[in-house]
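Report on the following structure.
The values are calculated or read from the model by the stated rules, or taken from the named source; none is laboratory data. Because the structure is predicted, anything quoted here is derived from the model rather than measured. A quick note on method: Cβ atoms are made from the backbone with ideal geometry, for glycine too, and the neighbour counts reach across all protein chains shown. Each accessible area value is taken on the protein alone, full model and side chains, heavy atoms only, with ligands, DNA and RNA left out. Shrake-Rupley method; radii C 1.70, N 1.55, O 1.52, S 1.80 Å.
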Amino acid sequence: MNAAAARFLSPSEAARQLGISAKALRLYEERGLIAPGRTPAGWRAYGAAEMARCAEIVELRALGLSVGEVARILSGDAVMLDRVLAAHEATLEARIRHCGDSITRVRRLRTDLGGGKMPATRDVIGAVRTRPAVGVAFDLPWPWGGERFELRDIKPLNYIVGPLGSGKTRLAQRLAEALPEASFVGLDRTADGGAPVRARLDADPAHNARVEASLAVLRAGGAMDSTALTTLLAAIEACDGAILVIDMLEQGLDAASQEAMIAFLRRRGPEARPLFFLTRSNAILDLDAVGDDEAIILCPANHSRPICVTPVPGAPGYEAVATCLASPEVRARTEGMMAWRPS
């Protein structure tokens, strides 16, 4: 390879250097965020300028932004950037408050130690833990064989993934039963055109105001108004403190609304209650954008015990998760269909 060619990377090399997948690079190109060069043979080639642009996109995505929001910021949309910075500022302030509380507890323990008083172990754990731990353990329902399932230190965002017939809905319902003060949000949330939900919102002005405020944020992020979006937000913005387990988060939402919704959920802040949701959409579960405060639970096709999957290519379960996901357009065409192969 000559010196000029050596300055350019193939899609796989560029993706590896950036820590993302080649599929993500193709998505950025399809959305007009990047324009890689071409070799004389027509292959994509990433030079220094393209790699610098890609690095910016990766860093912005790490803030929890959707691809659409990244595109608007890179195009100079000041309103979008201000909204994103305001949300990030609120998250940082919440972390500062939490750290301040932790520092106060640690100082109190040290004062007790200086006075000859040994603190209880639970007080020490509570003082040094970065986030209150939420855990759950239960025996798995059918189609499993009653194996024990445990989740420790539950994340703010938890994806439940699996092929059709894998039992993921039953797992979600069992989670809602086992988690403290949890609630299952089923696909019937849009029944009767969402009229029951609309009636509850009309009867609770404070709840309605929270939903309208969130709708405004989502619209700014590219979401389209719909009954599905309103009923979903009504559950998320309820002030009952319940942990939500949501069946098919993407139900009834177009691609732009799905991207805006997951970006919105990522910016809720560290003090937000955990959310569990089923999904088979790669707009909701973008494996290249999963952060430290997110977890993926895979229900395997063979009904072996569900596992937590690390979103890193080559990790156990990663390929199985990837094959469960499809674009919103494909998901809309194949809704409810199950693959079949003649024997």
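Peptides 35-43, 16-24, 151-159, ordered by how many other C-beta atoms sit within 10 Å of their residues on average, highest first, read 151-159, 16-24, 35-43.
For the peptides 219-229, 307-317, 273-283, residues were scored by their other Cβ atoms within 10 Å and the scores averaged per peptide; the highest-first order is 273-283, 219-229, 307-317.
Partner aspartates and glutamates whose Cα lies under 12 Å from the Cα of Lys23, excluding those fewer than 8 positions away in the same chain, are identified as Asp286, Asp288. Each label point was placed 7 Å from the Cα along the Cα-to-Cβ direction; for Ala62 and Arg26 their separation is 2.6 nm.
The overall shape of the stretch 99-198 is prolate: from the C-alpha gyration tensor, with semi-axes ordered a ≥ b ≥ c, the ratio a/c is 1.5 or greater and a/b exceeds b/c.
Any idea what the dipole of the stretch 141-204 comes to, in debye rounded to 20, about its Cα centre with Lys/Arg Cβ at +1 and Asp/Glu Cβ at -1?
220
Shape verdict for the stretch 179-268, please, from the Cα gyration tensor: rounded (a/c under 1.5), prolate (a/b greater than b/c) or oblate. Rounded. Ligands, DNA and RNA aside, His88 has an accessible area near 70 Å² when probed at 1.4 Å.
Here the chain is treated as a Stokes sphere of Kirkwood radius computed over C-alpha pairs; at 10 °C and 1.306 mPa s its diffusion coefficient rounds to 71 µm²/s. A straight chain from Arg108 to Ala78 at 0.36 nm per residue would run longer than the Cα-Cα distance by 6.3 nm.
Taking every full run of DSSP H in the chain, the ones that stretch at least 30 Å from end to end by Cα along their long axis and average -1.0 or higher on the Kyte-Doolittle scale are 78-114.
Each of Arg7 and Ala301 was given a label point 7 Å from its Cα along the Cα-to-Cβ line. The distance between the two points is 4.6 nm.
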